[in-house]
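Student: The following block contains the structure, expressed as structure tokens.
All of the numbers you see were taken from the coordinates with simple rules; none came from a lab. Keep in mind the model is a prediction, meaning the values are calculated, not measured. So basically every Cβ, Gly included, is an ideal-geometry build from the backbone, and we count neighbours across all protein chains shown.
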Amino acid sequence: MKVNKLKTRDLFFVALYGVKARRGRAAMTSIGIGIGIAAIVAVTGISSSGKADLLATLESFGTNLIKASPQAGFFGSQESLPVGVVGMVERIGPVEEVTSTSRANLLVRRTNFISEYEGGGISTVVTSNELLEVIGGNLSEGRFIEGDLSDVPVTVLGAVSAERLGIKSIYPPAKILIDDQWFGVIGILEELTIHPDLDRSVFIGYGVAKTLFDIDSEPTTLYLRANPDYVEDVVDVLAPSMNPENPDQVEVSRPSDALEAQQAAEAAFTNLLLGLGSVALLVGGVAIANVMVMSVLERRMEIGVRRSLGATRKEIRSQFLLESIILSGIGGIVGVLLGVGITFGYTNYTNIVFSIPFWQIFGAVVLALVIGAISGMYPAIKASKIQPAEAVRT
Amino acid sequence: MSSNINSVISLKNISKTYDGPPPVKALDDISIDINEGEFVSIVGQSGSGKSTLLNMIGLLDNASEGIIEIEGKNISDFSDDELSKFRGEKIGFIFQSFFLLPGLTAQENVAEGLLYQGVKREERLKKAKEALEQVGLGHRLTHLPKELSGGEQQRVAIARALVEDPAFVLADEPTGNLDKESGLKILNILKELNDIGKTVIMITHNQEHAKMFKKKIELVDGKIAKYEG
């Protein structure tokens with residue numbers, strides 16, 4: 001016997017009828033799934049925006065930047081690196097650029113009216129013009145210690161120290177006091193993000209450091225750029241090259257590592273929020289299953305009529321299953337829109353890069369549909385098992 | 001009451017017991033033959049087994065014992081899917097409480113009668129319009145059931161039953177919820193369907209209506225008490 005079948009397109013409209021006929025209930029039922037999906041999309045969206053922002057930051061500073069400084073000795077001794085260290089490092093093959101700084105122990109104050117005991121928190125870094133290029137920093141105003149400026153009492157401020165000294169601009173010309181010597185401010189740096197220590201410093205040239213403070217150009221920190229393919233190798237040989245006798249006295253680090261660690265810490269928080277989103281989804285799925293079971297009981301008449309009009313058990317089952325998937329799908333789509341909106345708002349507010357990978361959105365919708373299918377299975381089977389004679393009994 | 005070679009519906013020693021506790025014997029050893037084009041009434045008190053018998057004939061329920069043959073085929077040979085499709089194509093049901101889907105218009109409700117036969121939507125709606133015109137509701141196509149009177153709703157239900165052009169029309173007290181005038185109208189429509197060759201089997205409480213039928217089966221406590229025609 002030939003068995004005619006309900007067309008797929010018609011099945012969809014039959015299932016949609018069940019949703020449309022009870023709009024209010026459908027909306028309430030979808031809320032749980034909507035909240036769950038919104039939470040998951042927003043959390044993953046904010047997390048991936050954060051990652052994209054980090055990548056952008058790392059890209060601008062570069063992951064091939066290496067910093068080397070002396071390990072603080074047991075009693076705080078050995079503050080500087082061996083003389084001639086820059087030359088040694090330059091001879092390492094993959095090293096592309098090297099520059100050094102010396103940390104000078106000088107008191108930085110805005111004016112001489114500020115007590116000597118209140119001037120802490122800002123360090124003085126003696127450096128040359130290459131520093132900015134090697135670390136990838138930018139000036140927000142003015143210029144760096146170029147050429148002959150190294151020999152005159154001028155200074156450039158890190159972003160944080162400029163703020164602490166109350167100097168927002170080099171106009172009108174401002175000066176600060178470094179160990180009782182006046183220095184004119186010729187530039188202010190943008191925030192360096194991966195070098196928080198430099199943000200809290202003021203920079204002066206080697207020449208003036210020698211003439212005014214009698215500081216030799218003994219470097220305390222080395223900044224270098226290596227060929228990106230050999231960064232790990234350079235990190236490995238750096239300490240023995242700089243101090244062959246006591247390589248353990250040299251501390252080698254990659255500033256980008258610190259940012260990545262910070263990101264990892266935030267990931268733990270993201271997982272917690274994802275967990276909460278999953279709980280909302282689970283509750284949403286149970287809500288759909290509940291409502292669908294109730295719906296099956298209420299709609300015995302409809303089931304009976306459809307069976308008497310020729311619907312097979314499978315067609316009834318498909319109808320209720322698809323209805324459940326549609327309910328959950330509506331929640332999923334609303335959730336995705338809400339989640340993307342939240343992410344967009346957040347990234348806009350915190351001024352970071354907006355980024356949600358397509359697979360996350362796609363995955364969220366598929367997840368909603370799968371939950372709908374699982375939630376609808378039991379009610380659909382229940383509906384298909386109703387005996388037509390029982391269903392039309394009045 | 002003997003088996004008839006021309007009968008389109010033949011019930012042989014049918015019994016139906018509903019599982020208890022306590023078990024209820026709704027039908028007890030029923031044998032009926034219904035010929036093509038007959039107009040049959042089933043009468044009896046509430047609980048006498050009328051609806052069970054009609055559901056059995058309409059393949060909505062299985063017999064506990066006995067054989068049901070429709071158009072010469074033993075329906076116990078049919079799978080559940082085949083039974084469903086047979087119902088859809090050959091049997092039109094009319095229920096006492098109309099059973100229209102509240103969210104669909106009259107025309108859409110009638111079109112549902114063809115849904116499970118794989119007929120295209122445009123074709124379904126076209127045939128639904130014709131069926132509604134046939135029962136005098138051509139002007140009510142876009143009305144929802146709640147906007148129609150009881151009599152009109154039952155006529156929509158009749159249109160839904162006959163849109164699939166069934167060989168048999170089974171009606172379970174179709175006038176039970178209607179006033180006298182609407183009830184007569186429904187009865188006349190069923191009579192007209194019979195006149196064009198459909199086999200009509202109807203349950204009724206109304207003795208006056210029952211007089212219009214040539215064949216009458218009266219049930220008492222699940223047994224045939226009287227078999228006329």
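Student: Return the subset of A:314/B:16; B:50/B:215; B:85/B:215; B:120/B:191; B:191/B:215 for which the Cα-Cα distance in this structure is over 23 Å, preserving the input order.
Tutor: Beyond 23 Å: A:314/B:16; B:85/B:215; B:120/B:191.
Student: Count, for each residue of B:78-91, the Cβ atoms from other chains sitting within 10 Å of its Cβ, then give me the mean as a whole number.
Tutor: Mean shielding count: 5.
Student: If packing is taken as the average number of other Cβ atoms within 10 Å across a peptide's residues, how do A:309-317, A:147-155, A:19-27 rank, most packed first?
Tutor: Details: A:309-317: 22.1, A:147-155: 16.6, A:19-27: 14.4.
Order by mean packing, descending: A:309-317, A:147-155, A:19-27.
Student: Can you give me the distance in nm between label points at residue B:207 and residue A:297, each placed 7 Å from the Cα along the Cα-to-Cβ direction?
Tutor: Between residue B:207 and residue A:297, the label points sit 4.2 nm apart.
Student: Against the longest alpha carbon principal axis of chain B, how many degrees, from 0 to 90 and to the nearest 10, is the axis of helix B:80-90 turned?
Tutor: 60
Student: Quick one: Karplus J couplings for the range A:107-115, per residue in order, coefficients 6.51, -1.76, 1.60, θ = phi - 60°, nearest Hz, x for Gly and Pro?
Tutor: Those phi angles translate into 8, 10, 9, 6, 9, 7, 7, 8, 4 Hz.
Student: Taking θ as phi - 60°, what are the ³J(HN,Hα) couplings along the range A:126-132 by the Karplus curve (6.51, -1.76, 1.60), each to the nearest whole Hz, with x for Gly and Pro?
Tutor: Values, residue by residue: 8, 8, 10, 5, 5, 3, 4 Hz.
Student: Tell me, A:237, B:163, A:370, A:43 in order of fewest to most beta-carbon neighbours within 10 Å? Walk me through the numbers before you get to the answer.
Tutor: Details: A:237 17, B:163 25, A:370 14, A:43 22.
Neighbour counts put them in this order, fewest first: A:370, A:237, A:43, B:163.
Student: List the aspartates and glutamates whose Cα sits under 16 Å from the Cα of residue B:73, skipping any in the same chain fewer than 8 residues away.
Tutor: Here the aspartates and glutamates satisfying the reach criterion relative to residue B:73 are B:33, B:36, B:81, B:82, B:89.
Student: Let me ask you something else. How big is the Rg/Rh ratio for chain B, C-alpha atoms only, Rh by Kirkwood, two decimals?
Tutor: Computed over Cα atoms, the ratio is 0.97.
Student: Between the alpha-carbon centers of the range B:44-91 and the range A:127-163, tell me the distance in whole angstrom.
Tutor: Their Cα centres are 96 Å away from one another.
Student: Okay, next question. What average number of partner chain Cβ atoms lie no more than 10 Å from the Cβ of the residues making up A:373-383?
Tutor: 0
Student: May I ask you to evaluate 6.51 cos²θ - 1.76 cosθ + 1.60, the Karplus curve with θ = phi - 60°, for each residue of the range A:333-345 and list the ³J(HN,Hα) values in order in whole Hz, giving x for glycine and proline?
Tutor: So the Karplus estimates, Gly and Pro as x, are 5, 4, x, 4, 4, 5, x, 5, x, 5, 4, 4, x Hz.
Student: Could you work out the helix-only [θ] at 222 nm for chain B, with each DSSP H run of four or more residues adding -39,500 (n - 2.57) and the total divided by the number of residues, to the nearest 500 deg cm²/dmol?
Tutor: After summing the helix terms and dividing by residue count, I get -10000 deg cm²/dmol.
Student: Which ordering of A:242, A:88 is given by a fewest-first count of other beta-carbon atoms within 10 Å?
Tutor: A:88, A:242
Student: Over 32 Å apart: what share of the alpha carbon pairs of the protein assembly as shown falls there, rounded to a whole percent?
Tutor: 65
Student: Using the 10 angstrom Cβ neighbour count as an exposure proxy, how do A:236, B:61 rank, fewest first?
Tutor: On the way: A:236 12, B:61 23.
Ranking A:236, B:61 by Cβ neighbours within 10 Å, fewest first, gives A:236, B:61.
Student: Could I ask something else about it? Within 10 Å of each Cβ in B:109-116, how many Cβ atoms from other chains are there, averaged over the peptide?
Tutor: Working: counts 1, 0, 0, 8, 4, 3, 11, 13.
Taking all residues of B:109-116 together, the mean is 5.
Student: Here is a follow-up. In nm, to one decimal, how far is the modelled label at residue B:180 from the one at residue B:65, with both set 7 Å along Cα→Cβ?
Tutor: 4.5
Student: Let me ask something else about it. Taking every DSSP beta bridge with both residues inside the range B:7-228, roughly what % is antiparallel (nearest 5)?
Tutor: Working: 20 of 38 bridges.
If we restrict to bridges inside the range B:7-228, about 55 percent are antiparallel.
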